[in-house]
Amino acid sequence: MMTAVLQSDKALNTTLDFDRPGFVMAPFDGEDAPLVFLRPDAIYHCKFKPLKHPFRLADPIPNPVGREIHLDLVEQAKKSIVAEAFQKVVVSRRFSVPVSADLLSTAFGMMQVYPNAFTYFFHHPSAGTWLGATPELLLKSHAGFGETMALAGTRSADPTLKEHEWTSKELYEQQVVTDFIEKQMQAMQLEAQVGPVENIRAGKLWHLGTVIRTPLPITQAGALLRALHPTPAVCGVPRDKAQFFIREHENYNREYYTGFLGEIGIEQPESFSTYVNLRCIQIRNGRAYVYVGGGITADSKAEAEWEETQHKSTTVLSLLENSWKAIG
C-alpha cells in the first residue's frame, strides 16, 4: 500500500506534535537541518503491485580519494576508542552521481527491491528532496503499546546460506544498541520486553535485529522518541561523545541521513510509526547524493569498513543506473 501525504503550501512547521496528524522528517542533529512536520492537507492511498523482473547489482564506484579519507576517519575513531573517549562510533561518508529527473521510477524501484522496508519519497523546500528505504524501526506506538528495534551488523544476503555466522564485532555492536534502548526505557520507568536476536533482511543485506516492546502512553511517546534518537546504531556509545566526534571529524553535514521520519496519527488516531533514515539518497542540482556508513569498535579493520560501505551502496546505485544511462 502506498500513501501520499500532501501539504498545500510551503509553510515550515518545526514542532513535532503527537496531538495532531502529520508526517515528520527529522535530522540526525538539530544543528544540521530543521525538523519538518508536514500537515496532511490531502491524503491518498493506493495499492502497489511489484513488477517481476531480474535485478542486477551495480558495481561499487571506485573512489581512491574517498577511500583514503574514510580509512583515515576509521583510524581516528579507533584511536579515540583506545583512548577511552567512547566505546563505539558510527562513521559515514557521502558521494554523488548524476541523476535524471525521473525520480518516481527510482522510488518505485526501491519499493520493489525493499518490500519489507519503510520506503519513502519526501520533498519540502526547507529540507530538499530525499528518497530512501529503511529496515530500521525507531519507534512505533499503537493502543498504548510501543515497539522499537535494536538493529546492527551487516552481511551480504547470500541466498545459498541457510544460517548466518556473525563475528564477535557484529554481535557486540547489536548488543550495545539493545542495552542502550533498555537503559533509556528504564530511565523513564518503562518496562522493556526484549525479544530474541534475529536475522533481518533488507534488500541484498542481512542485519541483526532485536524487537523491544513496552507499554507506552501517548503522553510519553515524544519523550521516549527523544531519548532513543540517535541510537548507537547510527551514532555511538556514549552518545554525546560519539556525536561530538562525528561533528568534528566527518567532512560533511549529514542533514537527514540517520535522522528519523514517519507518520503521526495518519494510519490511526494516537498511533505513529517512525523509522531511522538509512539507505537514502538526497537529490540536489541534478545529482544524487548517496550516504553510507558503519559502526567502529576497537576490533574494526579500516579496509573492511571501507569495503562494507562500498557494498552497502550497490543496491542504491543499481536503482540509479538507468538514470545515468538516460543522461549519458
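The values are calculated or read from the model by the stated rules, or taken from the named source; none is laboratory data. Every value quoted in this text rests on a predicted model; they were computed, and no experiment measured them. For neighbour counting, all protein chains shown are included, and Cβ atoms are generated from backbone atoms with ideal geometry for every residue, glycine included. For accessibility, only protein heavy atoms count, side chains too; no ligands or nucleic acids. Shrake-Rupley method; radii C 1.70, N 1.55, O 1.52, S 1.80 Å.
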**Q.** Candidate set: region 120-135, residues that are hydrophobic (A, V, I, L, M, F, W, C) and in a strand (DSSP E or B); chosen: the one most open to solvent (accessible area, probe 1.4 Å)
**A.** PHE121
Q. Of the conditions (1) modelled with pLDDT under 95; (2) within 18 Å of the chain's Cα centre (by Cα); (3) not hydrophobic (A, V, I, L, M, F, W, C), GLY144 fails just one. Which one is it?
A. (2)
Q.
Can you pull out every residue in region 291-310 that is open to solvent by less than 50 Å² (accessible area, probe 1.4 Å), outside any loop (DSSP other than H, G, I, E, B) and either out of contact with any helix residue (DSSP H, G or I) (no Cβ under 7 Å at 6 or more places or on another chain) or hydroxyl-bearing (Ser, Thr, Tyr) (or both)?
A. TYR291, GLU308, THR309, GLN310
Q. Any residue in region 174-191 that is among the β-branched types (Val, Ile, Thr) and surrounded by fewer than 20 Cβ atoms within 10 Å (Cβ to Cβ)?
A. no
Q. Of the numbered conditions (1) modelled with pLDDT of 90 or more; (2) closer than 30 Å to ALA304 by Cβ; (3) loosely packed, with under 11 Cβ neighbours inside 10 Å, ASP9 satisfies every one except a single condition; which is it?
A. (2)
Q: Just one of (1) touching a helix residue (DSSP H, G or I) at 6+ places or on another chain (Cβ under 6 Å); (2) part of a strand (DSSP E or B) trips up LEU57, so point out which.
A: (2)
Q.
Please pick out the residue among THR210, THR214 that is open to solvent by less than 10 Å² (accessible area, probe 1.4 Å), closer than 30 Å to ALA143 by Cβ, assigned to a strand (DSSP E or B) and touching a Phe, Trp or Tyr at 6+ places or on another chain (Cβ under 9 Å).
A. THR214
Q.
Quick check on LEU138: is it modelled with pLDDT of 90 or more, open to solvent by less than 20 Å² (accessible area, probe 1.4 Å) and not in a helix (DSSP H, G or I)?
A. yes
Q. When only residues in region 21-54 that are over 14 Å from GLY128 (Cα atoms), in contact with a strand residue (DSSP E or B) (Cβ under 8 Å, 6 or more places away or on another chain) and part of a loop (DSSP other than H, G, I, E, B) count, which is modelled with the lowest pLDDT?
A. PHE48
Q | Matching residues, region 173-195, being of a type in the set (D, E, K, R), touching a Pro at 6+ places or on another chain (Cβ under 9 Å) and part of a helix (DSSP H, G or I) | A | GLU173, ASP179
**Q.** Residues of region 237-284 classified as of a type in the set (Asp, Glu) and open to solvent by less than 60 Å² (accessible area, probe 1.4 Å), total
**A.** 3
Q) Can you tell me which residue in region 78-92 is surrounded by the fewest Cβ atoms within 10 Å (Cβ to Cβ), limited to those that are over 17 Å from ALA233 (Cβ atoms) and touching a Lys or Arg at 6+ places or on another chain (Cβ under 9 Å)? A) ALA85
Q. Given the conditions (1) surrounded by 14 or more Cβ atoms within 10 Å (Cβ to Cβ); (2) in contact (Cβ under 8 Å) with a residue 24 or more places away in the chain; (3) not small (Gly, Ala, Ser), and given that ARG20 satisfies all but one, which numbered condition is not satisfied?
A. (1)
**Q.** Flag if ASP59 is modelled with pLDDT under 95 and either closer than 23 Å to LYS312 by Cα or open to solvent by 20 Å² or more (accessible area, probe 1.4 Å) (or both)
**A.** yes
Q) In the list THR314, THR274, which residue meets the criterion of being under 17 Å from the mean Cα position of the chain (by Cα), more than 29 Å from SER100 (Cα to Cα) and among the β-branched types (Val, Ile, Thr)? A) THR274
(Q) I'm told PRO269 meets every condition in (1) part of a loop (DSSP other than H, G, I, E, B); (2) closer than 27 Å to ASP72 by Cα; (3) out of contact with any strand residue (DSSP E or B) (no Cβ under 9 Å at 6 or more places or on another chain) except one. Can you identify the failing condition by its number? (A) (2)
Q) Does region 101-113 include one or more residues that are open to solvent by 10 Å² or more (accessible area, probe 1.4 Å) and either touching a Cys at 6+ places or on another chain (Cβ under 9 Å) or aromatic (Phe, Trp, Tyr) (or both)? A) yes
Q. Of LEU16, LEU104, which residue is closer than 29 Å to SER271 by Cβ, assigned to a helix (DSSP H, G or I), out of contact with any Pro (no Cβ under 6 Å at 6 or more places or on another chain) and modelled with pLDDT under 95?
A. LEU104
